[in-house]
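Here the structure comes first, spelled out in structure tokens, and everything after it is commentary.
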Amino acid sequence: MTSLPPDTDPGHDTSLARQETPGPAMPPRIVVFGGTGFVGQRLIARIARGNRRIVVPSRNRNRQRDLFVIPDVRVTDIDPYSPDDLRRVLEGAHAVINLVGILNEPGRDGAGFRRAHVELTEKIIAACQATGTRRLLQMSALNAGRGTSHYLRTRGEAEARVRASGLDWTIFQPSVIFGPGDGLFERFASLLKLTPVLPLARADAKFAPVYVGDVAEAFARSLDDPTTFGQTYELYGRQAMTLAGIVRYTARHLGLHRAIVPLPDALARVQAAIFDHVPGKPFSTDNYLSLKTDSVGGIDGLHRLGIEATPLDAIVPAQLGLQVRQHRLDAYRRARSG
């Protein structure tokens, strides 16, 4: 995309300190942390339909130009761990949505998880309190605070900070999230195309995959609803599946016949320890520990919010079908160029 001068760039924000003064006709201002991610992009598209101004803080706004074309969305550069930057970006905000989360960290001691989940949440809460921003919607995870993984432990610690904040908070606890561009079905699809045999750690771990659009809808419906204040919503889909079942489902819709080899826990731990040192960490010891706690819910938060869960069959076959067609097209192009 051709670079635009600042005064013609619809996503340009020349100063964090530049804030509109809310007036009688001024739409509410929503700040979305993690708005550039998998859930965040869907949520912003959803809440932008209303009469709202949306601010998306980012470490590098120039990488988020896809968001510039959405009306009333502004991407702004900040250091999310700077109290001054956070206060400036939250000044005058009607609500804050925190979607920030990581599935792996650079090291193995939990410091990365604590920084992303707990420390950032603490700083956002402090900025809310300093600016008088009352409304906070927090992304968490099913089983937050349970198990032995750094991921689940720090999610639980962040929830505790939110509940003790004195703000008008709502917490969302999704199971694994699926949809176009996900790290679940599409990741397994990539692996299944590479090998006829897939060794699988914690093959019996259970999930209830929830559609990304339903998660975004849960946030959107709760945003201005005072009955959701102080509530925690478990977000999960209709169909509980084991990890092996998810892989088989993926293979079936790709038209592939693959052998899945469940690994004993001892070997699974070894596999995880090896992958701890692989760039990008496709699997890790912390992932292994998280898989020891089934990600299935008990109280249907989507139903409580009046949302009917989207079934896998309504999304995934078409989602993987696009991958199959692209794979065939790429193969055809390689054959032609060879």
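Compactness ratio for the chain: Cα radius of gyration over 2.2 N^0.38 Å (N = residue count) comes to 1.05.
Relative to the longest principal axis of the Cα atoms of the chain, the long axis of helix 212-222 makes an angle of roughly 30 degrees. Mean projected area of the convex hull spanned by the Cα atoms of the range 172-244, taken over all viewing directions: 5.9 nm².
Here's the picture: a label point sits 7 Å out from the Cα of Asp313 along the beta-carbon direction, and within the range 229-247 the residues with their amide nitrogen under 15 Å of it are 238-240. Charges were assigned to the Cβ only: +1 to each Lys and Arg, -1 to each Asp and Glu. The resulting dipole of the chain about its Cα centre is roughly 860 debye.
Assigning unit charges at the beta carbon (Lys, Arg +1; Asp, Glu -1) and nothing else, what dipole magnitude in debye, to the nearest 20, does the range 57-146 show about its Cα centre?
In total the dipole reaches around 140 debye.
For the pair Leu191 and Arg115 in one chain, pulling the backbone fully straight at 0.36 nm per residue adds 24.3 nm over the alpha carbon distance. From helices alone, the chain scores -10500 deg cm²/dmol at 222 nm; the rule is -39500 (n - 2.57) for each run of n ≥ 4 DSSP H residues, then divide by the residue total. Bridge orientation summary for the chain: considering DSSP beta bridges with both residues in this region, about 5 percent are antiparallel. Proximity of backbone amide H atoms, modeled 1.01 Å from N, is registered between Tyr233 and Ile171, Phe172, Gln173 at under 5 Å, excluding neighbours fewer than 5 places apart on the same chain. Modelled spin labels at Asp265 and Arg46, positioned 7 Å past Cα toward Cβ, are 3.6 nm from each other. Relative contact order for the chain: 16 percent, from Cα pairs under 8 Å spaced at least 6 residues apart, divided by residue count. In order along the range 133-148, the phi-based Karplus estimate (6.51 cos²θ - 1.76 cosθ + 1.60, θ = phi - 60°) of 3J(HN,Hα) comes to 7, 8, 8, 9, 10, 10, 7, 9, 7, 3, 6, 3, x, 9, x, 10 Hz; Gly and Pro are listed as x. Considering only Ile30, Ile47, Ile102, the Gaussian network model of the chain with Cα springs below 10 Å gives its largest mean-square fluctuation to Ile102.
Which residues in the range 194-232 have a backbone N closer than 15 Å to a point placed 7 Å from the Cα of Ala240 along the Cα-to-Cβ line? Those under the cut-off are 204-210. Packing here is the average count of other Cβ atoms within 10 Å per residue, and on that basis the peptides 244-250, 32-38, highest first, run 32-38, 244-250. For the chain, with a Gaussian network of springs between Cα atoms less than 10 Å apart, report the residue from Ala201, Ala116, Ala160 with the top mean-square fluctuation. Its mean-square fluctuation being the largest, the pick is Ala160. The GNM of the chain, with springs linking C-alpha atoms under 10 angstrom apart, assigns the highest mean-square fluctuation among Ser295, Ser58, Ser190 to Ser190. Cross-link partners of Lys292 among lysines, defined as those whose alpha carbon lies under 19 angstrom from its own and excluding same-chain residues fewer than eight positions apart: Lys206, Lys281.
Coordinate-derived values only; no laboratory data. This one's a predicted model, so the numbers in the text were calculated from it and none came from an experiment. Virtual Cβ from ideal backbone geometry, glycine too; neighbours counted across all protein chains shown.
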